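One structure below.
Where a number appears in this text, it was derived from the coordinates with a stated rule and is not lab data. This structure is a prediction, so every number in the text was calculated from the model and none was measured. Backbone-built Cβ (ideal geometry, glycine too); neighbour counts: all protein chains shown.
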Amino acid sequence: GESVGLHLPTLSVQEGDNSIINCAYSNSASDYFIWYKQESGKGPQFIIDIRSNMDKRQGQRVTVLLNKTVKHLSLQIAATQPGDSAVYFCAENKSGGYNKLIFGAGTRLAVHP
Amino acid sequence: KAGVTQTPRYLIKTRGQQVTLSCSPISGHRSVSWYQQTPGQGLQFLFEYFSETQRNKGNFPGRFSGRQFSNSRSEMNVSTLELGDSALYLCASSSDWAGELFFGEGSRLTVL
């Protein structure tokens, strides 16, 4: 498949461990944040989102944490599986910004059996 | 429900040519956004259309243009291609703004 990014930071974890992927966002006016997963040869796939009036949101095996003080976002994946191997992007938007998302550089997650 | 469909999936052009990429959004979605993805610059916003109107634009030169039709299908055009335009061009659709974006698999453009 196509290479999404040749020099992305890589997080290597063992299958079954928990993964934490971090992201620093750029715009203090942003009030909507999203995590996307991109597998090789595919487009980004929505994982979970959070609005700025929250600091934590949970989904199925995933949790997003938002720290507006330091403009930091994290994605926690519980019991990481080989199928979680992909590149993960955070994205930010602000009210009135319509669908103009600003994406982070991405982190490659490699899950080893 | 069919996902976002982009055509063509792969294409090769030479410098100076122009290219048109097509995107069919999810049925019922009126917002279509375009993004360029390269290893060096990552994912960058090109423009967004809603009900045939461009309502947001990224920082790309005028060689990059787009349009949306009454059935919400969208096209983007790049004229006078440069080597640096080689990228994966992604289309995303949404029912409204700042909502969940659904991405297609992209059109991989190579400029020689």
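Please list, or write none, the aspartates and glutamates whose alpha carbon is within less than 15 Å of the alpha carbon of A:LYS42, excluding same-chain residues fewer than 8 places away.
Qualifying aspartates and glutamates at Cα under 15 Å: A:GLU2, A:ASP84, B:GLU105.
Just to confirm the filter: which chymotrypsin sites (Phe, Trp or Tyr not before Pro) across region B:47-112 are DSSP coil and have at most 16 other Cβ within 10 angstrom of their Cβ?
Hits after loop and neighbour filter: B:PHE69.
Could you please rank B:ASP85, A:ASP17, placing first whichever residue has the fewest other Cβ atoms within 10 Å of its Cβ?
The order, fewest Cβ neighbours first, is A:ASP17, B:ASP85.
For chain A, give the magnitude of the charge dipole about the Cα centre (Cβ charges: +1 Lys/Arg, -1 Asp/Glu; no others), in debye to the nearest 20.
Computed about the Cα centre, the dipole is about 340 debye.
Among all the aspartates and glutamates, which ones have a C-alpha under 12 Å from A:LYS94's C-alpha, if same-chain residues fewer than 8 places away are not counted?
Partners found: A:ASP31.
If r is the Cβ-Cβ distance from A:ALA105 to A:ASN18 and R0 is 25 Å, what FRET efficiency results, to the nearest 0.05? List each step's numbers first, then the result.
Working: r = 22 Å, r/R0 = 0.90.
So the FRET efficiency works out to roughly 0.65.
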